[in-house]
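First comes the structure, then the notes that go with it.
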Amino acid sequence: MDPPSVPEHVVRFWRALDQLYGSVEPTWWGAVVTDRRFPAVWDANYARIDVATDDLTLHDVESSLLPALGEAGTSVQHVVSFRPDATDRLLQELVERGHRLTWDLVMDLEGGPPGEHVQRVEELRAGDELWERVETSLGLFGLDDDETVSQLASLERRVLAPGGKRWFGARDDDGTIVSLGAMLVLDDVAYIDNVVTFKHARGQGLASAVTARMAGVARTTGVAHVCLLADPYEDAVVGMYERLGFRGVGTIAATRGSARAPDAEPSSRASDAEARLVRRAARGTGPR
């Protein structure tokens, strides 16, 4: 059995999210999204594959994507497939090109708001403290490039916050924000993101509390869907979300590599393990 397709409301949310960026060029397979204000942010400069098509090739994508990336001034080629079960040919080509393949588990909230203890969680208002902590927290997601972190923080302030993104968090006894997360509602879908706890404050259930608070706020606004993404290989994180009432409903595949001309020689080859992941996804045994 093939992996479950990403629900249509998730694709609908991403299409609405992309409208906040600088340019969206529709294609027959999805869209090319770019924003020259943030060339180091690959999530704002990428190809969105949201149409199930078995014959989509790397040439099809790059013929539209690479010129747009060149105009945006970005050197990273980022491709996101919301239909990995139907685009394994494309993913295989990207892996063979040497691009890194990653997976995200899409999780939807089932039922009412989680009943977690959330008294310590508050909505965080825009200000110097919030944005300083947001920028610092980005390093906890494995980002070690100062320019990327700086542009991501600017994207949060200049684009996503005006677009409706709200931040929630918990403080320590000194009043310092030690755990935070964000929620953005678009097209009747609440998307929870950026959930993180600083290392010295972990083990207190703060990430669960922040997530539960945001899910509860989302439910009170009457949105039809509350969703988030999780690393399918992080059992503890997936388990935390499951205890809050989230359930896996689909898988997103993403690749990232150098934005070079289609006829250039690949600089490296993907590992056999990565190539097997693509084939496994096509057979329905990929990450869930």
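Throughout, read-outs are computed from the coordinates displayed, never taken from laboratory work. These figures come from a predicted structure and were not determined experimentally. In this analysis, Cβ positions are derived from the backbone assuming ideal geometry, glycine residues included, and neighbour counts consider all displayed protein chains.
Below is a table of values for the structure above.
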| read-out | value |
| --- | --- |
| The chain: calculated mean residue ellipticity at 222 nm from DSSP helix runs of at least 4, using -39500 (n - 2.57) | -10000 deg cm²/dmol |
| Max mean-square fluctuation residue, GNM over the chain, Cα-Cα springs under 10 Å, options 258, 137, 63 | 63 |
| For 225, 59, 200, order by how many other beta-carbon atoms lie within 10 Å, fewest first | 200, 59, 225 |
| Near-label residues of segment 232-255 by backbone N, under 17 Å of a point 7 Å along Cα→Cβ of residue 221 | none |
| Square roots of five times the Cα gyration tensor eigenvalues for segment 108-175, Å | 24, 16, 14 |
| Principal axis box of segment 26-76, alpha-carbon based, largest edge first, Å | 33, 17, 15 |
| Cα shape, segment 121-244, gyration tensor, a/c 1.5 rule | rounded |
| Packing-based exposure ordering (other Cβ within 10 Å, fewest first) of 82, 168 | 168, 82 |
| Rounded to whole Å, sorted largest first: equivalent-ellipsoid semi-axes of the chain, Cα gyration tensor | 32, 22, 18 |
| In segment 10-50, the chymotrypsin sites (Phe, Trp or Tyr not before Pro) that fall in loop regions by DSSP, at most 16 other Cβ within 10 Å | 28 |
| Calculated FRET value between residue 202 and residue 100, using beta carbons and R₀ = 41 Å, to 0.05 | 0.90 |
| Rel. contact order, % - alpha carbon contacts under 8 angstrom, at least six apart, the chain | 30 percent |
| Cα-based shape type of segment 66-158, given that a ≥ b ≥ c are square roots of the gyration tensor eigenvalues and the cut on a/c is 1.5 | oblate |
| Packing-based exposure ordering (other Cβ within 10 Å, fewest first) of 183, 240 | 240, 183 |
| Contour minus Cα-Cα distance for residue 126 and residue 25 (0.36 nm per residue) | 33.2 nm |
| Whether segment 1-126 is rounded, prolate or oblate, judged on the alpha carbon gyration tensor where a/c under 1.5 counts as rounded | oblate |
| Over segment 121-244, relative contact order from alpha-carbon pairs under 8 Å, at least 6 apart, % | 21 percent |
| Euclidean distance between Cα centres, segment 140-165 to segment 1-74, Å | 19 Å |
